Amino acid sequence: MKRRSVLLLAEMANPEWTSVPLIGWQNAVYLREVANTHLVTQIRNKQAIERQGWIEGQDFTAINSEAIAKIAYRLAMWLGAKNGKGWTTGMAFAAISYYYFEYLVWEKFGDRIKAGEYDVVHRITPVSPTVQSLLAAKCARHGVPMIIGP
């Protein structure tokens, strides 16, 4: 049976953190055992992933979306999303940051997705159903299915 080629999107994928980043990382590790995968994550995870022996450009790609992520985070904190409060505000700004991440993913991988290099695109994180994917429609237009969720 042919191993599928899967582009894994896990903005949050970090073997040294807990919660969602650890979910993203563990799913990427397990999926790598059954498919030919390439993980796309946020730049903040790069060093931790490299400490696991993964090679950037070969095993994963780190996308630098900090230009928007930092601003979104600061605005969310300023508006009260801190100390375990303001979850709705925090999620709203995290979504904005995530959409920019997907925009950069399409800029980097769009031609390869269109060319059919990947059998499927699998978005592992964010795990929240409130954050929709802007890439799903683009993938569908080019006949590449997209899975959302771990």
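The values are calculated or read from the model by the stated rules, or taken from the named source; none is laboratory data. Please read all numbers here as calculations on a predicted model, not as lab measurements. Neighbour counts run over all protein chains shown; Cβ positions are idealised from the backbone, glycine included. To get the accessible areas, we keep the full protein, side chains included, count just its heavy atoms, and leave off ligands, DNA and RNA. Shrake-Rupley method; radii C 1.70, N 1.55, O 1.52, S 1.80 Å.
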Practice prompt. Enter the angle in degrees (range 0 to 90, nearest 10) between the Cα long axis of helix 66-78 and the first principal axis of the Cα atoms of the chain, meaning the one along which they spread out most.
Written response: 30 degrees
Item to complete: Scan the range 9-81 for GluC sites (Glu not before Pro) in coil per DSSP, keeping those whose Cβ has at most 14 other Cβ atoms within 10 Å, and list them by number.
Response: 16, 33
Worksheet entry | Paramagnetic reach from residue 141 (point 7 Å along Cα→Cβ, amide N under 13 Å) across the range 73-108 | 106-107
Item to complete: Quote the accessible area belonging to residue 2 in square angstrom, nearest 10, computed with a 1.4 Å probe and with ligands, DNA and RNA left uncounted.
Response: 130 Å²
Practice prompt. Using the structure shown, select from 46/138; 82/114; 70/138; 2/108; 82/138 the pairs with a Cα to Cα distance greater than 29 angstrom.
Written response: 82/114; 82/138
Response to the item:
Neighbours of residue 100 by Cβ distance under 12 Å: Lys/Arg at +1, Asp/Glu at -1, summed charge -3
Discussion item. Could you derive backbone 3J(HN,Hα) for the range 121-126 from the dihedral phi with the Karplus parameters 6.51, -1.76 and 1.60 (θ = phi - 60°), listing whole Hz in sequence and x where the residue is Gly or Pro?
Written reply: 10, 10, 8, 7, 10, x
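Express the carbon and sulfur contribution to the solvent-accessible surface of the chain as a percent, rounded to the nearest whole number, probe 1.4 angstrom. Kindly include the intermediate steps, with their values, before the conclusion.
Numbers: 4690 of 8300 Å².
Answer for the chain: carbon and sulfur cover 56 percent of the accessible area.
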Worksheet, complete the sentence: Taking alpha-carbon centroids only, the range 1-41 lies from the range 105-134 a number of Å equal to 13 Å
Worksheet item: For residue 93, what accessible area in Å² do you get when you roll a 1.4 Å probe over the heavy atoms of the protein chains, rounding to the nearest 10?
Response: 40 Å²
Item to complete: Mind giving me the FRET efficiency for residue 71 and residue 112? R0 is 30 Å, r the Cβ-Cβ distance, nearest 0.05 is fine.
Response: 0.55
Worksheet item: What net charge do the residues around residue 16 carry, taking every other residue with its C-beta under 15 Å from that of residue 16, with Lys and Arg at +1 and Asp and Glu at -1?
Response: +2
Discussion item. Students often get this wrong: which residues of the range 50-76 have the backbone nitrogen under 16 Å from the point 7 angstrom along Cα-to-C-beta of residue 128?
Written reply: 69-76
Worksheet item: For the chain, what proportion of DSSP beta bridges, expressed in % and rounded to the nearest 5, is antiparallel?
Response: 0 percent
Worksheet item: Which distance in nm do the two modelled labels at residue 34 and residue 120 give, with both placed 7 Å along the Cα-to-Cβ direction?
Response: 0.8 nm
